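Chemist: Take a look at the following structure, please.
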Amino acid sequence: MIHDHRRTESDDPMLIDPDTARALLGGAPWRRYAVLGDSIAQGVGDASAGYRDIGWSDRVAEVLTAANPGVSYLNTGRIGATSGQMLDEQLDRVLEFRPDLVHLSCGGNDLFHQGGDTDRLRANLETAFAALAAIGAQLCTFTVADVWDTGRMAPMRPMRGRMAELNEIVRALAARYDTVLVDFWEHPLRLRPDLMSADLIHFTTSGHAVVATEMIRALATRISAPVRPA
């Protein structure tokens, strides 16, 4: 596999520079940012040469805090967590934190094996979305990217259909709960040859940097959007 060693965090065309990122989130109304879910929420991934070894969620929190001093951050994401475990082990802790901005990414582990129960997954995610929306938090999330067309990903190709199902669930819930959604399914990031970690599941930190940029852009759009009537 050919890696593009010339691309670094300072000249990656998919990234925004730190000053721009802080400017985009300057004046954000949120002061308590929480993330819950699985390893994708946690920000797991192999290090990429030329990029800081930091996950997307920590990057977003870093920018939000730098732009708005006094922001608190909680990430309860855990490797291997299913949606049921997220409800049992993380949701109450996040609700007690009283976030006004909360990101939820979970569900891949429910469907990782053949026969995953999409109805149960949908119900579990709806429970979490509804509980978080009920405290007045702004929700945000993203879909998984369609990375399964490259040769290296061939062993994981059977997952493609199930991850597409997960994305449909996430899109529907995002629309229902006025969620800031970044849709990565067809994002050009998916075509980078060095995107995936050795486990073929998680993005490398170069991918996390792009994910953070897109989340920051999406949140900035919500900051500047007109307030919806209640």
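Rule-based calculations on the coordinates, nothing more; no lab input. Since we're looking at a predicted model, the values are computed, not measured. Here the Cβ is made from the backbone with ideal geometry for all residues, glycine too, and neighbour counts use every protein chain on show.
Chemist: Where Lys and Arg each count +1 and Asp and Glu each count -1, what net charge lies around Ala172 among other residues with Cβ under 14 Å from its Cβ?
Modeler: The answer is -3.
Chemist: Next question. Which one, Thr179, Thr127, Thr82, has the greatest fluctuation when you compute a Gaussian network model over the chain with C-alpha springs under 10 angstrom?
Modeler: Result: Thr127 has the largest fluctuation of those listed.
Chemist: Taking every DSSP beta bridge that has both residues in the chain, what percent is antiparallel when rounded to the nearest 5?
Modeler: Taking every DSSP beta bridge within the chain, about 5 percent pair in antiparallel fashion.
Chemist: For the chain, report the % of Cα-Cα distances exceeding 32 Å.
Modeler: Across the chain, Cα pairs with separations above 32 Å total 15 percent.
Chemist: Here's another thing I want to ask about it. Charges at C-beta only: +1 for Lys and Arg, -1 for Asp and Glu. How large is the resulting dipole of the chain about its Cα centre, in Debye rounded to 20?
Modeler: 340
Chemist: On to the next question. Report the relative contact order of the chain, percent, no decimals, based on alpha-carbon pairs under 8 angstrom and at least 6 residues apart.
Modeler: 27
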